[in-house]
Structures are given as structure tokens and as C-alpha cells.
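Scroll down for the structure; my scribbles are underneath it.
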Amino acid sequence: MGGELFFRDRRGCRLTPLGCLVEPRLRHIYQNTLMTKSDAIRFTRLKKTPIRVGIMTTIGAQRLSPFFARYQREHPNTELELIVDTEATLLKQLHSGFLDLVISAPLKSPGKSYHSTLLYQERYVVVFNAAHSFAKLNTINLQMIQSEPYLDRLNCELRETLKSICNEREINLYATYRSNNEEWILNMVRAGIGVALIPEYTLPCDAEDVRFHYLEDPEITRQVFAICSAHMPQQGEVSALVQRLERGI
């Protein structure tokens, strides 16, 4: 390395400045080595091919879970590993080769380094407690929400878009609570603390004591894509998964 990486003294072992510089890269190499070894052991012992799919935190399981179940029935020799994280983190892991595929809802194209396939489009819905007065209505618009305690989803990819719409219409959504966790938001809705705007497939089918209406004015939608590397060679099982996604879920 051209110099000492660490030194020892009475206080223990510490990194040198050179050691601090190279430590993150060496740690990354070590983690990839362990992961590669783990994949090889699983493949040779179980004869299964691991596929790592990154899923953006705000993507609900309602639409994707049945698809993954069908895919594994059709391809029993695959082993799916689903990793949930932010879009930025997942794209970095896809670029490094750690992930085989990413499912997210990007606001703009991720670039020429990636190939994107549109999976589905979903509308935003207003969710509220079953006993809320909104349950008696047929439609809800953005103007009506401003009079209610609002639960702000910090991970919402359309947060800035919504803020811009509110500014144009002079609507003030007062955030009673904020959370970066979808489950916490839904539990606060269930408890009657307030109302929230979420993508329709983020809401579980069996969400007890929670009701929803589609947001009518304005109608807000997002598109969910499957993203893979345009330059990284794909194993056959990953190609089959992408092709199956392209046929629709």
C-alpha cells in the first residue's frame, strides 16, 4: 500500500491516515468477497441461483408479492432476496453489481447506464380512519385535506411535486406528524390521528380500520419501473425475471 495502515500503542490498535483512506474500499471488497462466497455455497449445496432484487422503500408489496410467488413457482431453482432501501442506495448497489434488479418509482430517467421497464402506474389515495367523516363522502380533493391533521410521509418521492401544487393553489397542509416509515403512517391513520396521501398499492388489502378514496382534484399518479444495468452481463435467471416483468404483472 506504500505505507503503514495501522499502529499499536498502549491505547490499542488505531488506523493511520493512510489506513483511514483505504479502509472503506477494503471493507467493501471484504463484504463482496463474503457475499460471493455465500452465493457460491448456496448454489453448490442447494443448486439454487440467488437473485437480489432491490425495492424502494415506498413500493408496496400488494402488487408485487403475487408476481414473485408465481415467478418462483415457474422457476423453482431460483432464490429471491428482496432488499428494501432508498432509491439512491439501491442504484449504487445495482451499479456495483451487488443487486441484479431494482424496482422503484424514479421522478426522472436514471440514465443511459440503466435499462428501465414500466411495470405499472398507480394513483395516490387519501387514507383515513374508518370512523372519519371522509368515509361518508364519495370524492375528496386536496382543498378538503387542508382542514384535517395531515400525516407527512418523509420518503414520498412526489413530496416536492405536492408542495408545488399546494403553493399554486394556496393550500396549506399542516403536518401534525411526520415519519419516514409507511407502517407508522398507517398505524397513526388507524388510530385516528390524521389523514395521509399514499400510493394505492402501498395500502395493504387487509388494512383494518383504514378506509381510502382516490384523490380527485388534482389526480396524482406515479409510475413504477424495473431497472437493470445496461452494461452488466445478466445471468439467465435474471433475464427470465426481467422478461416476465416486461410481459406485465
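The values are calculated or read from the model by the stated rules, or taken from the named source; none is laboratory data. This one's a predicted model, so the numbers in the text were calculated from it and none came from an experiment. So basically every Cβ, Gly included, is an ideal-geometry build from the backbone, and we count neighbours across all protein chains shown.
If we keep just the residues of region 47-63 that are out of contact with any helix residue (DSSP H, G or I) (no Cβ under 7 Å at 6 or more places or on another chain) and in a strand (DSSP E or B), which is farthest from residue 206 (Cα to Cα)?
Out of the qualifying residues, it is 52.
Tell me the residue from 154, 118, 137, 162 that is aliphatic (A, V, I, L, M) and surrounded by 19 or more Cβ atoms within 10 Å (Cβ to Cβ), please.
Of the residues listed, the single one that is aliphatic (A, V, I, L, M) and surrounded by 19 or more Cβ atoms within 10 Å (Cβ to Cβ) is 162.
I'd like to check which helices (runs of 4 or more DSSP H) are fully inside region 141-216 and have at least 2 residues that are under 16 Å from residue 125 (Cβ atoms), charged (D, E, K, R) and at pLDDT 85 or above.
Once the helices (runs of 4 or more DSSP H) in region 141-216 are filtered for at least 2 residues that are under 16 Å from residue 125 (Cβ atoms), charged (D, E, K, R) and at pLDDT 85 or above, what remains is 182-190.
Give me the pairs: first residue in region 102-113 and over 22 Å from residue 84 (Cβ atoms), second residue buried (at least 18 other Cβ atoms within 10 Å of the Cβ), beta-carbon distance under 8 Å, and six or more apart or on different chains, which are they?
113/229
For region 201-210: of the residues being touching a Lys or Arg at 6+ places or on another chain (Cβ under 7 Å) and buried (at least 18 other Cβ atoms within 10 Å of the Cβ), which is nearest to residue 104 (Cα to Cα)?
Across region 201-210, the extreme among qualifying residues is 201.
Kindly list, by first and then second residue, each pair from a residue in region 159-170 that is in the same structural domain as residue 145 (by TED's automatic domain parsing) and free of Cβ contacts under 8 Å to residues at least 40 places away in the same chain to a residue that is part of a helix (DSSP H, G or I) and not small (Gly, Ala, Ser), limited to pairs with Cβ atoms under 7 Å and residues at least 6 apart or on different chains.
Taking only residues 6 or more apart or on different chains, the pairs are 169/142.
So which residues in region 64-91 are closer than 27 Å to residue 221 by Cα and assigned to a loop (DSSP other than H, G, I, E, B)?
86
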